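Take a look at the structure below.
The values are calculated or read from the model by the stated rules, or taken from the named source; none is laboratory data. Computed from a predicted model, the values in this text were never measured in an experiment. Counting neighbours? That spans all protein chains shown, and the Cβs are built from the backbone with ideal geometry, glycine included. Just the protein is used for accessible areas: all its heavy atoms, side chains included, with ligands, DNA and RNA removed. Shrake-Rupley method; radii C 1.70, N 1.55, O 1.52, S 1.80 Å.
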Amino acid sequence: MTSATPQAKNPDSFDLIVVGAGIVGLAHAYTAVQRGLKVCVIERDTAAIGASIRNFGFITITGQAPGDMWRRAMHARGVWNEVAPQAGIDVVHRNLWLAAYRPEAHDVLEAFMRTPMGKGCELLEAADAQARAPALSLADARSVLFSPHELRVESRTAIGLLTKWLAEAHGVTFRFGEAVHEVETPRVRTSRGTLHAERVVVCTNTDLHGLFADRIAAHELTLCRLQMLRVKPEAGFRLPGSVMMDLSLVRYEGYSTLPEAAALRARLQQEEAASLAHGIHLIVVQSADGSLVVGDSHHYADAPEPFAMEEVDQLILRHLRSTLNLEAAQITERWTGVYPSSKTTPCVIDAPDDATRLVLVTSGSGASTGFGIAHDVFNTW
C-alpha cells in the first residue's frame, strides 16, 4: 500500500476506510497509520459492543494453530506490548498455566514441547508448578505447561482506550452510529452520506448477510455463541496468569492436531461427554479488582438463540472448582458472545477487488491475532 496522498485534504476522502470498530478493524487502522495513511473507521453501533468486549482479553499464543496463526499471534503480542502503555491499557497479568490431569493430557503436552511452538515454554512436574502457582489445584495433576508468551488486558475497557488513542495520537477519524450500505471502492455509501477512500477493509464480524454477503456465503460460515461468567473469589486470591486444563488440549489446534491428542479425546468422550457436547473448555483470567472471568462454551447455529443455559454454567463452574484452590466463588455476572466460525479456516481474507479486502476472524481469536492478520494484509496488498 502506498503512503498518504495529497487528496487527503478533503474531509470525506481518506487513504483507507475500515468498516467495523472491533479489534480486527482497529488492528487494521493501527497498521495503516503506522504506514502514514489517513484512516477513517465506520461503526454501525454507537460503541463497540460485540465479541471484542465480551471475551477474555486473553492474548493467546500457546496452542494457536501452527503456521500462520501462531506467527500472527506472536506478532500481535509484540504490538500489544508496545501499544498498551501508550494507550493507557493495563496488562493485567501475563503467562499461561495449563494443567494436565490425565496421563493422555501429559502426553499431548510432551508432544507440544517437541514442536517449534514449545520454545520458551516449560513442562513442569505438578509439585514444582504447585510451589510456583499455589492458586492452582494440582494434587491430581500429572504436569503443567507454563508459557511466558501470553498477556491479558481488560477487553471491556481496552477497546475503548485503543479507539481513543488512535483518534487522539494518530488522527484516525471515527464515525460511530453510522451504517455502511454499500462499498464500491473508492466510494463508500453510508446512512449519513458518501465517503471516498483509495482502499477499504471490511471487518464486520457477525454480519454475514450484509456487505459482500455472496462472497461470505462462499466460505460457509456459521455463528458461534459462547457463555461466560464473572466470579468473585475470596479476598486475596490471586492467579499467577491465565489458566487452562485438559479440555483445551482437544480444542486449540496447536495441541488438538497432534497425534497424541486422539487418545485424550477418546478418554474425554468417556469422562466428559457433556462438556464436549457443549464445546466447553476452561479458561480463567483475573481482573484488576480480583474477580475472575471464566468460560467458555461453544454452540453453533446460523442464528444462535440469545438464551444461556444453566447446565452449561454449572459445568464450567465444576471445572473451575477442580482446577483452582477456591474456597468461595460468587457469580456476579453472566453473558453470551457471538463470533463467526468456519470449519476449514481460522481467518477469512478475501479480495472482492484490488482495492477492497474482507477480513473476518473465524476462530474467536481476534484479540490474539488481529494485529498479525492486519500486518499480513498490508504486506500483501
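Each residue in the range 287-311 was checked for being aliphatic (A, V, I, L, M) and either closer than 22 Å to residue 63 by Cβ or under 17 Å from the mean Cα position of the chain (by Cα) (or both), and 3 of them qualify. Between 80, 70, the distinction of being under 19 Å from residue 372 (Cβ atoms), assigned to a helix (DSSP H, G or I) and open to solvent by 50 Å² or more (accessible area, probe 1.4 Å) belongs to 70 only. For residue 119, state whether it is free of Cβ contacts under 8 Å to residues at least 12 places away in the same chain and farther than 26 Å from residue 155 by Cβ. Yes, satisfied.
Counting only residues that are assigned to a strand (DSSP E or B) and in contact (Cβ under 8 Å) with a residue 24 or more places away in the chain, the range 334-381 holds 20 of them.
Taken across the range 133-147, residues that are open to solvent by 10 Å² or more (accessible area, probe 1.4 Å), modelled with pLDDT of 95 or more and within 22 Å of the chain's Cα centre (by Cα) do occur, with at least one present.
With respect to the conditions (1) in a loop (DSSP other than H, G, I, E, B); (2) under 17 Å from residue 298 (Cβ atoms), residue 259 falls short on a single one, namely (2).
Of the listed requirements (1) among the hydrophobic types (A, V, I, L, M, F, W, C); (2) in contact with a strand residue (DSSP E or B) (Cβ under 7 Å, 6 or more places away or on another chain); (3) closer than 21 Å to residue 58 by Cα; (4) not in a strand (DSSP E or B), residue 284 misses just one: (4). Out of 278, 298, one residue alone is over 22 Å from residue 53 (Cα atoms), open to solvent by 10 Å² or more (accessible area, probe 1.4 Å) and touching a strand residue (DSSP E or B) at 6+ places or on another chain (Cβ under 8 Å). It is 278. Residues of the range 111-132 that are under 12 Å from residue 97 (Cβ atoms) and open to solvent by less than 10 Å² (accessible area, probe 1.4 Å): 129 alone. Going by the structure shown, is residue 350 among the acidic types (Asp, Glu), under 28 Å from residue 135 (Cα atoms) and surrounded by 13 or more Cβ atoms within 10 Å (Cβ to Cβ)? Criteria not met by residue 350. Per the listing 209, 196, the residue uniquely open to solvent by 70 Å² or more (accessible area, probe 1.4 Å) and in a loop (DSSP other than H, G, I, E, B) is 209.
So which of 108, 91 is surrounded by 14 or more Cβ atoms within 10 Å (Cβ to Cβ), in contact with a helix residue (DSSP H, G or I) (Cβ under 7 Å, 6 or more places away or on another chain) and within 14 Å of residue 241 (Cβ to Cβ)? Of 108, 91, the one residue that is surrounded by 14 or more Cβ atoms within 10 Å (Cβ to Cβ), in contact with a helix residue (DSSP H, G or I) (Cβ under 7 Å, 6 or more places away or on another chain) and within 14 Å of residue 241 (Cβ to Cβ) is 91.
In the range 332-344, what residues are open to solvent by less than 50 Å² (accessible area, probe 1.4 Å) and either in contact with a strand residue (DSSP E or B) (Cβ under 6 Å, 6 or more places away or on another chain) or of a type in the set (A, V, I, L, M, F, W, C) (or both)? Within the range 332-344, 335, 336, 337, 338, 339, 340, 341 qualify.
Against the list (1) in contact (Cβ under 8 Å) with a residue 12 or more places away in the chain; (2) closer than 24 Å to residue 52 by Cα, the condition residue 193 fails is (2).
Looking at the range 307-321, I want the residues that are under 26 Å from residue 138 (Cβ atoms) and have a partner that is open to solvent by 20 Å² or more (accessible area, probe 1.4 Å) and assigned to a loop (DSSP other than H, G, I, E, B) with Cβ atoms under 6 Å, at least 6 apart or on another chain. Which pairs are those? Partner pairs satisfying both residue conditions: 312/278.
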